[in-house]
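Worksheet: one structure, shown below.
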Amino acid sequence: FTALNGLRGTAYHLTSGTMFNGDFGIRNWTDASPTWLNQNIGYLRELFSQSATGDRPPADPTQSFDDREISYAGYVKANFAFEGSHPLVGNFGLRLVETRTTLRGNSLIVTTPDGINANFDYSATESKVNSLDWLPSLNARLTLADDLYLRLAASRTVTRPTFLQLDPGLTLSGSTGTLLGSGASGNSKLSPEKSNNADLSMEYYYGHQSAVTGGLFYRQIDGYIQQGFTPETIAGIIYQVNRPTNAPKDHIEGVELSYTQFFDFLPSVFSGMGLQTNGTYVDGPFQNISKWSYNIIGIYEKGPASLRVTYN
């Protein structure tokens with residue numbers, strides 16, 4: 001009300017009626033007048049340091065950045081096989097990746113020379129990072145019986161930040177009477193996610209295209225990228241800035257079960273019906289990880305007809 005009362009003319013009006021039928025004591029409230037807003041568009045634009053005639057605002061250097069990434073990669077792979085009563089087959093390999101990145105952008109600099117009014121300036125930034133990653137892998141399958149297999153997979157992987165996550169631009173919103181100032185930004189100092197992975201599974205095949213499988217998995221992750229709010233003091237004002245950060249090294253682990261069967265023993269057209277289900281449990285401390293997830297898929301494959309209905 002105080003802010004509206006400080007505007008020229010009659011910028012506000014008192015509504016009629018109640019909110020929530022007056023149950024919370026709100027009989028009416030003060031609101032900006034739509035008529036006044038329409039009649040004072042130019043004045044409002046000037047209040048926000050914009051042109052009264054609607055000309056484009058000056059360019060904001062923080063709204064664009066340039067990120068260039070070049071990768072050179074090569075790999076070697078070898079297959080192996082051991083015969084016997086329980087044949088063992090698989091492969092192992094090594095991938096070598098060199099990545100060169102150059103990020104150019106502008107950082108916002110805010111100063112308060114008189115302790116009250118803020119001055120805004122921009123500083124050009126450039127960062128160059130070269131990295132060399134060795135990524136080994138191993139895949140093996142042990143035949144326990146004609147229809148029973150044990151599989152092992154181990155690898156090291158690297159997942160790089162997206163371009164948007166590296167954006168050095170910072171957007172700020174001022175505080176209100178009830179909320180702290182807030183901000184949003186990328187993070188040009190993000191490191192890639194590096195993960196050491198291990199998977200062990202048992203697979204039992206029966207009938208025509210039918211199987212039951214179970215697996216255990218483990219991921220040791222260094223630098224998982226997740227969003228977080230951190231308080232930052234800018235020009236003497238505390239803002240809660242939301243930006244991506246690298247989490248400390250930790251791990252996730254879990255188990256997955258899967259069942260697939262075609263009901264080809266059914267008569268006539270019904271023999272094309274099938275069902276596929278799987279469920280996964282994951283335990284880990286990181287954001288955006290579902291502890292439980294599952295899929296149920298109804299299948300029909302017969303002649304020219306191929307149908308799916310899925311719930312997940």
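The values are calculated or read from the model by the stated rules, or taken from the named source; none is laboratory data. Not measured: the values here are computed from a predicted model. Quick reminder, even Gly has a Cβ in these numbers, built from the backbone with ideal geometry, and neighbours come from all protein chains shown. Side chains are part of the model used for accessible areas, which takes the heavy atoms of the whole protein and leaves out ligands, DNA and RNA. Shrake-Rupley method; radii C 1.70, N 1.55, O 1.52, S 1.80 Å.
Figure legend: label point modelled 7 angstrom from the Cα of Tyr204 along Cα→Cβ; residues of region 246-276 with amide N under 19 Å from it are 255-264, 275-276. If the chain linking Val110 and Tyr311 were pulled fully straight, counting 0.36 nm for each residue of separation and taking away their Cα-Cα distance, it would gain 67.3 nm. I need the calculated FRET efficiency for the pair Gln240 and Ser131, taking r as the beta carbon distance and R₀ as 25 Å, to the nearest 0.05. So the FRET efficiency works out to roughly 0.20.
The stretch between Phe80 and Ile41, if pulled fully straight at 0.36 nm per residue, gains 6.5 nm over its current Cα-Cα span.
For region 247-312, count all C-alpha to C-alpha pairs, find those more than 19 Å apart, and express that count as a whole percent of the total. I get 50 percent for the Cα pairs in region 247-312 exceeding 19 Å. In this simple spin-label approximation, Leu180 and Gln220 carry label points 7 Å from Cα along the Cα→Cβ vector, and these lie 3.6 nm apart. Neighbours of Leu108 by Cβ distance under 11 Å: Lys/Arg scored +1, Asp/Glu scored -1, total -2. Take Gln63, project a point 7 Å from its Cα along the Cβ direction, then tell me which residues of region 151-192 have their backbone nitrogen under 14 Å from it. Residues passing the 14 Å test: 169-172. What does the convex hull of the alpha-carbon atoms of region 179-267 project to on average, in nm²? With the hull built on Cα positions only, its mean projection is 10.7 nm². Around the Cα centre of region 50-178, unit charges on the Cβ atoms of Lys, Arg, Asp and Glu (plus for the first two, minus for the last two) sum to a dipole of about 480 debye. Of interest is the spacing of the C-alpha centroids, which for region 200-276 and region 4-71 amounts to 44 Å. With a ≥ b ≥ c taken as the square roots of the eigenvalues of the C-alpha gyration tensor of region 164-312, please select rounded if a/c is under 1.5 and otherwise prolate if a/b is larger than b/c or oblate if it is not? Because a/c hits 1.5 or more and a/b exceeds b/c, region 164-312 counts as prolate.
If you take the square roots of the eigenvalues of the alpha-carbon gyration tensor of region 1-94 and sort them as a ≥ b ≥ c, do you get rounded (a/c under 1.5), prolate (a/b over b/c) or oblate? Verdict is oblate for region 1-94. For region 19-157, the normalised intensity computed at q = 0.10, 0.20, 0.22 Å⁻¹ comes to -0.74, -1.16, -1.24 (log10 of I(q)/I(0), Debye sum over alpha carbons, equal scatterers, no solvent). Only DSSP H runs of four or more residues enter the estimate; each adds -39500 (n - 2.57), and after division by the residues of the chain the mean residue ellipticity at 222 nm equals -1000 deg cm²/dmol.
With kT/(6 pi eta Rh) evaluated at 20 °C and eta = 1.002 mPa s, and Rh the Kirkwood radius from Cα pairs, the chain diffuses with a coefficient of 81 µm²/s according to Stokes-Einstein.
Placing a label point 7 Å from the Cα of Val269 along the Cα-to-Cβ direction, the residues of region 290-312 whose backbone N falls under 16 Å from that point are 299-308.
Count Lys and Arg as plus one, Asp and Glu as minus one, and take only other residues whose Cβ is under 15 Å from that of Thr171; the net charge is then -2.
Comparing Tyr206, Leu180, Val255 along the charge dipole axis of region 174-273, the residue lying farthest to the positive side is Leu180, per the Cβ-charge model. Dipole size of region 134-224 about its Cα centre, with +1 on Lys/Arg Cβ and -1 on Asp/Glu Cβ: approximately 320 debye, rounded to the nearest 20. Measuring with a 1.4 angstrom probe and ignoring ligands and nucleic acids, Arg8 comes out at about 130 Å² accessible.
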